[in-house]
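The values are calculated or read from the model by the stated rules, or taken from the named source; none is laboratory data. Model, not experiment: these values are computed from the prediction. Note: ideal-geometry Cβ built from the backbone for every residue, glycine included; neighbour counts use all protein chains shown. To get the accessible areas, we keep the full protein, side chains included, count just its heavy atoms, and leave off ligands, DNA and RNA. Shrake-Rupley method; radii C 1.70, N 1.55, O 1.52, S 1.80 Å.
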Amino acid sequence: MGKTANFFVSKTFTLFFLISFLLLSFSPAFLFQPAYAATLSSGSESISDSRPSTTAVSYTTTFSGVTLSLTKCIKLVFSDAATAGAVPTGMTTTGAALSGTSTYMPTPAGWTGTFTTNGTVTLTNATGETPALATGRTVVLTGITNGSTAGTKYFVQFSTYGATDCATSAIDSGTITFIYTAGQAVSLTVDPSIAFTVAGVANALLVNGATTTVTSTATTIPLGTVTTSANAIAAQDLTVTTNAGSGYTVYARYTAAPTSGANTIAAWTGTNAAPTAFSAAGTAAFGYTTNDATLATGTVNRFTSVGNVWAGFTTANLEVAYGAAAVASDVTRVGYQVGIAGTTPAGSYSTTVILTATPTY
Amino acid sequence: MNQLRRFFLIAIPLVFFAAIVVFSQTAEQRVGMILSPPTFEITARRGEKITNIVRFENPNDFPLNIVTSVRNFTAQGEEGAISLTNEESPYSLTSWVEISPKGRAVRAKSTEQFNFTINVPENAEAGGHFGSLIFSTKPPEGASQTGAAVSQEVASLILLKVPGVTSTSWDIESFSPEKSVFWSNPVSFIVRVKNTGSVHVKPVGRIELTDIFGKKTVLEVPNKNVFPGAIRRLESSGAVPLIGYYRAKLFLEVAGKQKTRELSFFALPGKVLLIIFAIVLLLFIVARRSKGRLGRAVRVLFGRE
């Protein structure tokens with residue numbers, strides 16, 4: 001390279017590092033990208049007196065799963081909806097105060113409460129504090145006037161931030177429901193649970209790169225009359241919702257190979273660990289696939305990286321869906337395919353597929 | 001008129017029959033089951049009898065016939081997945097557990113309680129014991145064509161500790177950042193904990209990230225069980241200022257005993273550096289090629305004129 005080019009190259013890099021240093025020093029906005037906000041768990045709202053229109057009431061908001069990072073704003077929005085919405089009718093929070101018994105922040109006295117907007121409470125600390133523990137953290141607000149309507153579901157929209165503007169650097173968020181009722185204090189807790197739903201899938205829909213040829217139901221996979229010129233493909237949608245922090249796994253197995261009298265259709269040769277493309281029509285086999293790209297074991301996207309690959313059932317549980325944390329309506333589509341050979345004896349071949357959802361430990 | 005009457009006499013029953021078929025098909029399009037709680041973590045002494053309940057909710061518009069059973073399970077992989085098994089091992093629990101009732105029809109949109117009892121034998125081995133309560137639907141019978149009936153199951157796990165002389169032994173198998181250089185947030189870390197004892201442990205921990213100015217950011221390590229003989233993979237992530245070199249120190253604690261590991265990594269503003277490089281490269285090209293006032297200005301900037 002000539003002398004002139006060398007000079008320009010060296011000057012270029014000098015300029016590059018100089019500008020980089022200046023920007024690094026003076027542009028925190030470029031450097032500190034917003035944190036990924038996490039969802040709080042095990043939330044509850046305890047109200048000292050739940051009767052409508054009662055004054056001087058204390059509200060205790062409790063959460064676990066708290067991110068231990070520097071927090072500068074805690075925001076509570078009392079609303080008639082899980083998101084946005086309006087303050088519950090008759091509720092007044094403008095006279096509220098933060099109680100020193102709160103444990104979300106190590107030093108409640110160092111926090112400034114803003115209560116000027118009815119229904120919205122912001123607690124800020126310019127230097128910020130890190131919650132001492134991740135579990136059972138509380139924010140206690142006193143001096144609130146209850147809404148005037150009993151029996152209606154209301155919400156506390158709770159969020160924390162790493163900035164005092166209560167809008168940027170989101171840390172955690174969670175929503176709790178509560179109601180007013182005459183006579184007794186109400187404390188609502190969110191119980192841990194796991195919900196598992198199986199739904200049928202219509203024909204002519206995609207399942208991991210294949211197209212269904214029949215319509216299934218939640219309890220049956222009617223593969224119809226299968227010929228040597230066309231395999232039959234069905235699918236089901238598996239939906240899991242769980243607030244158990246560890247997540248879930250769904251497994252599939254069958255009771256035996258599809259059987260008609262003394263005859264059976266063998267399992268497809270691909271395995272759960274190494275699924276493979278299903279043979280073209282004319283080969284007898286029965287197998288399954290899944291569109292979950294993040295399974296727990298082995299190569300997590302082994303079914304989806306190529307797509308339209310299948311594994312053979314066994315009588316042992318095989319992983320078809322996985323969620324690593326609490327999820328709301330996580331849907332996985334599993335497919336079933338059967339082919340027959342020219343030598344497959346005529347008959348109706350049937351089996352039972354068992355789908356099992358378990359929490360992870 | 002007679003023809004019209006005949007038409008309605010035939011058509012109306014057909015319509016009702018079709019509606020029955022449609023609605024009965026619709027009722028089976030979706031079957032849900034809800035179990036609470038999904039996990040029990042219990043401590044029980046030798047000879048103790050523990051009773052508890054698990055709630056089963058039928059969220060469907062039709063009743064569900066539920067069959068209950070108890071099975072053992074073992075850890076599978078490092079992500080907390082389990083493998084249900086009927087095989088017995090020193091960690092098995094099924095022979096100690098009874099669930100009642102064994103079967104029940106749960107009405108539509110209702111919740112039923114099922115009771116279970118754990119009878120811990122007098123000679124039970126101290127340590128962890130694991131089992132699951134399985135709630136199953138009965139598959140339909142009598143398939144008239146090639147296909148499969150589907151049975152649905154949902155499980156609740158029991159993690160039982162029997163106090164006594166146990167071997168609580170664990171170690172940090174590995175602690176590593178997902179990358180050695182992070183060009184954007186979040187920064188994330190993988191912690192793998194190995195349990196070499198006879199009882200499941202649930203480490204509590206944090207990762208302290210210290211930048212070049214000594215400022216700390218703390219990330220929580222998820223609080224999850226590690227089974228005897230298994231390794232559990234834990235992920236922790238968060239945001240830090242992208243200002244270069246960091247030290248990360250892992251603190252994990254079980255029953256008052258703490259273990260630590262340290263590593264270092266870089267967190268740099270990749271997008272910003274890329275933009276700066278592109279600007280400077282553009283200036284370089286302009287300086288080299290442009291003979292006009294702009295090129296001269298750039299050459300002046302570079303000190304060549």
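Taking the stretch B:188-246, which residues are buried (at least 19 other Cβ atoms within 10 Å of the Cβ), within 11 Å of chain A (Cβ to nearest Cβ) and of a type in the set (Val, Ile, Thr)?
B:Ile207, B:Thr217, B:Val221, B:Val226, B:Val240, B:Ile243
Residues that are under 30 Å from A:Gly43 (Cβ atoms), at least 3 per element: which strands (runs of 3 or more DSSP E) completely within the stretch A:210-296 meet that?
In the stretch A:210-296, the matching strands (runs of 3 or more DSSP E) lie at A:232-242, A:248-254.
Name the residue that is farthest from the other protein chains (Cβ to nearest Cβ), counting only residues in the stretch B:39-48 that are within 25 Å of the chain's Cα centre (by Cα) and open to solvent by 50 Å² or more (accessible area, probe 1.4 Å).
Taking the candidates together, the pick is B:Thr43.
Among the residues of the stretch A:262-270, is there at least one that is modelled with pLDDT of 95 or more, open to solvent by 60 Å² or more (accessible area, probe 1.4 Å) and out of contact with any Phe, Trp or Tyr (no Cβ under 8 Å at 6 or more places or on another chain)?
yes
Determine which single condition A:Asp172 fails, assuming it passes every other condition in (1) modelled with pLDDT under 95; (2) in contact with an Asp or Glu (Cβ under 8 Å, 6 or more places away or on another chain); (3) open to solvent by less than 30 Å² (accessible area, probe 1.4 Å).
A:Asp172 satisfies all of (1) modelled with pLDDT under 95; (2) in contact with an Asp or Glu (Cβ under 8 Å, 6 or more places away or on another chain); (3) open to solvent by less than 30 Å² (accessible area, probe 1.4 Å) except (2).
I'd like to verify a number: residues in the stretch A:321-341 that are over 28 Å from B:Ser236 (Cβ atoms) and under 28 Å from the mean Cα position of the chain (by Cα), how many?
Looking only at that region, the number is 4.
Residue under question is B:Asn123, and the condition is that it be under 18 Å from B:Ser198 (Cα atoms) and open to solvent by 20 Å² or more (accessible area, probe 1.4 Å); does it hold?
Considered against the rule, which asks whether it is under 18 Å from B:Ser198 (Cα atoms) and open to solvent by 20 Å² or more (accessible area, probe 1.4 Å), B:Asn123 comes out as yes.
Filter the stretch B:132-187 down to the residues that are open to solvent by 10 Å² or more (accessible area, probe 1.4 Å), more than 14 Å from chain A (Cβ to nearest Cβ) and more than 30 Å from B:Phe265 (Cβ to Cβ) and list them by number.
B:Pro163, B:Gly164, B:Val165, B:Thr166, B:Ser167, B:Thr168
Got at least one residue in the stretch B:184-193 being touching a residue at least 60 places away in the same chain (Cβ under 8 Å) and touching a Ser or Thr at 6+ places or on another chain (Cβ under 6 Å)?
Yes, the stretch B:184-193 contains at least one residue that is touching a residue at least 60 places away in the same chain (Cβ under 8 Å) and touching a Ser or Thr at 6+ places or on another chain (Cβ under 6 Å).
Which residue pairs have Cβ atoms closer than 8 Å, lie 6 or more positions apart in sequence or on different chains, and pair a first residue in the stretch B:49-67 that is open to solvent by less than 60 Å² (accessible area, probe 1.4 Å) with a second residue that is modelled with pLDDT under 90 and part of a loop (DSSP other than H, G, I, E, B)?
Filtered contacts from the stretch B:49-67: B:Ile50/B:Ala44; B:Val54/B:Pro37; B:Val67/B:Lys138.
Of everything in the stretch A:41-79, what is open to solvent by less than 30 Å² (accessible area, probe 1.4 Å), outside any loop (DSSP other than H, G, I, E, B), of a type in the set (Gly, Ala, Ser) and in contact with a Gly (Cβ under 7 Å, 6 or more places away or on another chain)? Give them in sequence order.
Scanning the stretch A:41-79 gives A:Gly43, A:Ser64, A:Ser79.
Identify the residue in the stretch A:106-128 that is hydrophobic (A, V, I, L, M, F, W, C) and either in contact with a Pro (Cβ under 7 Å, 6 or more places away or on another chain) or surrounded by fewer than 18 Cβ atoms within 10 Å (Cβ to Cβ) (or both) and, among all such residues, is nearest to A:Leu141 (Cα to Cα).
A:Ala109
Please tell me if A:Ala316 is within 11 Å of another protein chain (Cβ to nearest Cβ), open to solvent by less than 30 Å² (accessible area, probe 1.4 Å) and over 17 Å from A:Ala232 (Cβ atoms).
Taking the combined requirement at face value, the residue does not satisfy it.
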